[in-house]
Every structure is written in structure tokens, then in C-alpha cells.
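A.B. asks: Following this message is one structure expressed as C-alpha cells.
Values quoted throughout were computed directly from the atomic coordinates according to the rules given, and no laboratory measurement underlies them. These numbers come from a predicted model, not from an experiment. Glycine also receives a Cβ, built like all others from the backbone with ideal geometry; neighbour counts cover every protein chain displayed.
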Amino acid sequence: MKDIKCPKCGTVFQVDDNDYAAIAAQVRGEVFNEELQQRMKEVRARYDAREESIRLNAEKEFDSRMSKKEQELGKLQNEITRLSGIIAGYEATKKTELTELESRKDREIFNTAAEKDRKIASLETALAGKDSDLKLALTKERNEAALQVQKKEQEIMRLQADIEAGRLAAENRESQIREQHKLQLQDKQDEIDRLKDFKMRLSTKMVGETLEQHCSIQFEQARSMGLYPEASFEKDNTVVEHSKGDFVFRDYVEGHEYVSVMFEMKNEMDSTSVKHRNDDFLDKLDKDRTRKGCEYAVLVSMLETGNELYDTGIVDKSYRYPKMIVIRPQFFLPVLRLITEAAKKGYKERMALVRELDAARSQTMDFARFEEKIDRFRTAFSNNVKAAHKKFEAACAGIDKTIEALEKQIKTLREVKANFEASEQKLLKANEQAEEDLTVKKLTYGIPSIRKKIEDAR
């Protein structure tokens, strides 16, 4: 048994363990409901955050891929710039070397001639005052100097010939390098053109097949690798309100459809006189998606080639139409994979939330039955309290009557006590009188004969 005190009247009463546990569970049930509501809010917030994270990751992956392509183009352009710089630097270096070589040879010739002139002048000065023998020596020295000058001139001519040969060889080498660089530049330019054409056309391998056939073949190849075993990718042949899409994709988990996509394929030849725009088909695609009960809408388009926006490969149009995407054909399978994975995660989270809600609903029903039991207990307890209160009032009335009777008896006893006390006082007074008056002297006063007999007896 547990003692429970009423918070209002302060009355303490007892309940058994089962009723006490039921009351405690009621209090805990209110806290549980609050926690359940909070958890449901957290689950919804977590689900929204996961959907946003999936979308951001898809955009990030796409931006990363396109950034890599742009980086490759930038590297090619940088390589072209580097090769052009190498050619220009080689030309400048060769010109500088030729200039320095010619300048160095000119200085050597000038210095040699000046040195010989200085020697000749010195010898002439020294031999001016000498005899004819010295003049012969001077002549011989002049001849030797002339011979050396001739040798130097020959050497200069040989060096000039070497320089000219080196210049011609350098020009030939430069021409060869220019030709090689030209070929390399042409190769790089062809690679750039190929990449630009790849970026513009996006390499869909559409030779000899339609865009619809291409997407259908891509899906069947994915299915052959074990993907989408329960999915359907069928041609939309059902005309609703004079309109239909191209393909409808539906996938299932345990027999329950968790995602559906309406696909529209658009392509046109370069020779077409009137060029269409992607935005021309979005409204029709949205209506077809709504009529066929599809969740997503995807436009697979080769329109507006060269458009910087659509050449990125994936363009989100959900700001105009909910869950609508425009893609290039090579992104057909990646986008389908992203949509199905995101939808499957969302479906699993929704099912988990439904199971939690069912459990909460079951707990709510149990709580309702618990409240009914509490109400029955409260009613029975209130009746018992009322009956106990009546018996308490009757007992209090009996006690009051008993107290009144006792008070009467006490009053009577008090009167008897007062009489006893008055008797005691009379007895005490009589005793005092006896002690004072009951003496031989006082008793024999005036009676001499008795007094004499008493004295004789003594």
C-alpha cells in the first residue's frame, strides 16, 4: 500500500501498488506525449535536412565534374601559352647570343690591332735613334705584326663564317622548332575544338539512333547490370487530354511505388530553320506529369547547344515547376540514380515515421484505456471517501455526545468533590476545636468535684 496526500485538502489516503503504478504511468504518459511530439519534429527536420543535403551533394558533384573539364581546358591553354613563351624566349636568347658574339669578336680585333699599333709605335720610338740594323729588326717586326694581323683577320673571317653557319643552323633549328610547335599547337587546338564540341554536343553517340532509343538502351544496359530490377521504363502511349509524354519510369519497394518520373526527349537537326528552346516544353511536361500522377519531371534535351547554362549538363527548374530538371543525354543515368536513391531514402524514412506514428497511435489508445481505468478508480475512490466521510461525521457526533455526557459527569463529580472539600474543612475545624477545647482543665472548669477525682486518679 502507498500513502498519497491530496494537494488541495491535505487528506492522506492509501492506494494499492497497481493503482499507484497506474497513476505514475499517467504522469509519465504526459511526458511521453511531449517527448513524442518533439521527436516527430526532430524526425521531420532530419528528413528535410537529408533531402537538402542530397540536392546540395548532387549539385556539388556536378560542379566538380564541370570544374575538372574547365581545368583541363585551362591546362591546354596554359600549355599553348607556355610553348609560345618558349619559342619567344629561344628567339630572344639566340639574338642576344649572336649580338654578344659579334661584339666580343669586334672587341678582340680592335684590342689586337691596338696592341700591335702600340707595339709598332713603341718600336719606332725605340729605333728612331738607332742604326740601320735596328731598322731591319723593325721591318722584320712590322712584317711579323702584319702577318699576325693577317692571321687575326683570317681567324675573324673564320669566326664570322662560323657565326653565319651557327646563325643559319639556329634559323633552321628555329624553323624546325616553329614547325614542331605549330604542329603541337594545331594538335592542342584540335584537342580544344574536340573538347569544346564534346562540351557542346556532350558526346551522346546519337549517330544512327534517336534520342529516345538512346535513353531506352541506356536504361536496359543499367537493368542488365542488376539495377532497377522491379522498375518499369515504358513508352507513354496513353493520351490524356490530347497530350502524352515520351517515357514513364516507376520503381517499387516491396510492391509499393516509391518514385515516378515523367521523361520528355527533345532533339533537332542543325539544319532546322526554326530553333526551339527548352522553356517551350516545360509547361507541357509539367501538365503531362500531373495527368499521369508522376512525382518528378525530366526533360532530356539537345536543344540550345552552345548555351552556357544548359551545357553544364543538369539544370534545376524546380523554382518554376516542382521537382523538374533539364539534362543533357549523357546525364540520363546519373540523374535517374540520384532521383531513385533520394526517393528511396525518403520512402524508408517516411515508412519509419509511419511506423513510429502507428506505435504512438497505439500508445495513445492504450493511454485512453488507462484514462478510463483511472476514471473508474477515481469514481470508486470518491465514493469510498464520501462513505468514510459520513462515518467520520457520525463518529464525531458520537464523540461530541460522549463528551457532553462526560462533562455532565465531571460537573457532578466536581460538585461531589466540593462537598467533600467542605466536609474536610468542617472536620479540620472540628479537630482544631477538639484539640483546643477537649482538655481536662477546660472540661472540669467549674466542676471541682470531677476535677479532684481526676487529680486523685493521676
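A.B. asks: Can you tell me how much longer the chain between Glu171 and Lys408 gets when fully stretched, taken as 0.36 nm per residue apart minus their C-alpha distance, in nm with one decimal?
C.D. replies: Gain in length upon complete extension: 70.2 nm.
A.B. asks: Where nothing but the Cβ of Lys and Arg (+1) and of Asp and Glu (-1) is charged, how large is the charge dipole of the range 279-375 around its Cα centre, in debye to the nearest 20?
C.D. replies: Charge dipole, the range 279-375, about its Cα centre: 340 debye, nearest 20.
A.B. asks: Here is a further query. Put a dot 7 Å past each Cα toward the Cβ at Thr81 and Arg355; how far apart are the dots in nm?
C.D. replies: For Arg355 paired with Thr81, the spin-label model returns 5.8 nm.
A.B. asks: How large is the charge dipole for the range 211-347, taken about the Cα centre, if only the Cβ atoms of Lys, Arg (+1) and Asp, Glu (-1) carry charge, to the nearest 20 debye?
C.D. replies: So the magnitude is around 200 debye.
A.B. asks: Using Cβ contacts closer than 10 Å as the measure, can you line up His276, His256, His389, His181 from fewest to most?
C.D. replies: Lowest to highest Cβ neighbour count: His256, His389, His276, His181.
A.B. asks: Additional query: Just add up the charged neighbours of Ala405: K/R +1, D/E -1, any other residue whose Cβ is under 15 Å from the Cβ of Ala405.
C.D. replies: That works out to +1.
A.B. asks: If you bin every alpha carbon distance in the range 280-395 into 5 Å steps from zero, what whole percent lands in each bin?
C.D. replies: 2, 9, 11, 12, 10, 7, 5, 5, 5, 4, 4, 4, 4, 4, 4, 3, 3, 2, 1, 1, 0
A.B. asks: At most 15 other Cβ atoms within 10 Å and a DSSP loop assignment: could you name the trypsin sites (Lys or Arg not before Pro) in the range 36-72 that fit?
C.D. replies: Qualifying residues, ordered by number: none.
A.B. asks: Still on this structure: Considering only the other residues whose Cβ falls under 13 Å of the Cβ of Lys41, what net charge follows from Lys and Arg at +1 and Asp and Glu at -1?
C.D. replies: Neighbour charge sum, excluding Lys41 itself: -2.
A.B. asks: So if each residue of separation counts as 0.36 nm, and I subtract the Cα-Cα distance between Tyr319 and Arg178, what length gain in nm does that give?
C.D. replies: On the way: separation 141, 0.36 × 141 = 50.76 nm, distance 5.34 nm.
45.4 nm is the gain from fully extending Tyr319 to Arg178.
A.B. asks: Taking the Cβ-Cβ separation of Lys373 and Gln38 as r and a Förster radius of 22 Å, what is the calculated FRET efficiency to the nearest 0.05?
C.D. replies: Details: r = 27 Å, r/R0 = 1.22.
The computed FRET efficiency comes out at 0.25.
A.B. asks: A follow-up question, please. Determine, for Phe381, Phe331, the number of other Cβ atoms within 10 Å of each Cβ, and report the residues in order from fewest to most.
C.D. replies: Values: Phe381 15, Phe331 20.
The fewest-first ordering by Cβ neighbours comes to Phe381, Phe331.
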